[in-house]
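Quick notes on the structure that follows.
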């Protein structure tokens with residue numbers, strides 16, 4: 001018997017989408033049964049503090065810390081648009097356990113590290129995990145799974 005393996009397909013989106021784009025992407029992703037959505041890629045937007053930098057007007061995608069708020073907001077919008085039915089990977093600007101926690105509460109089932117990991121290396125992971133654990137305990141969650149999408153639920 002030959003087993004057929006269907007590799008997971010994840011769609012990666014930018015934080016620069018309009019609300020109409022989010023609705024369209026969510027609809028297609030649900031209809032096509034994608035296995036997950038990575039929210040979000042680099043941004044072409046330049047916050048004021050970046051524009052003031054000597055090289056702030058350079059073309060290309062911006063990543064790292066300046067992406068945190070925009071990517072988390074896009075994550076929040078995509079979670080709402082999909083009703084939490086598709087696993088979301090939160091990424092963009094993640095530098096701490098508190099950042100990971102923000103992504104999880106906004107709707108991320110998984111969190112991707114990239115820029116911070118490149119600059120700080122694997123030594124950052126134990127500290128990040130400890131901080132995440134403290135965030136979960138502080139807010140009364142037994143697990144990461146319990147906190148996924150918490151920003152979208154009514155407080156008791």
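Nothing in this text is a laboratory measurement; each read-out follows from the coordinates by a stated rule. On a predicted model such as this, the values are computed, not experimentally measured, just so you know. For neighbour counting, all protein chains shown are included, and Cβ atoms are generated from backbone atoms with ideal geometry for every residue, glycine included.
Among 115, 18, rank each residue by its count of other Cβ atoms within 10 Å, from fewest to most, as a rough exposure measure.
Fewest-to-most ranking of 115, 18: 18, 115.
Fewest-first ordering of 124, 74 by other beta carbons within 10 Å of each residue's beta carbon gives 124, 74. Ordering 146, 99, 19 from the fewest to the most neighbouring beta carbons within 10 Å gives 19, 146, 99.
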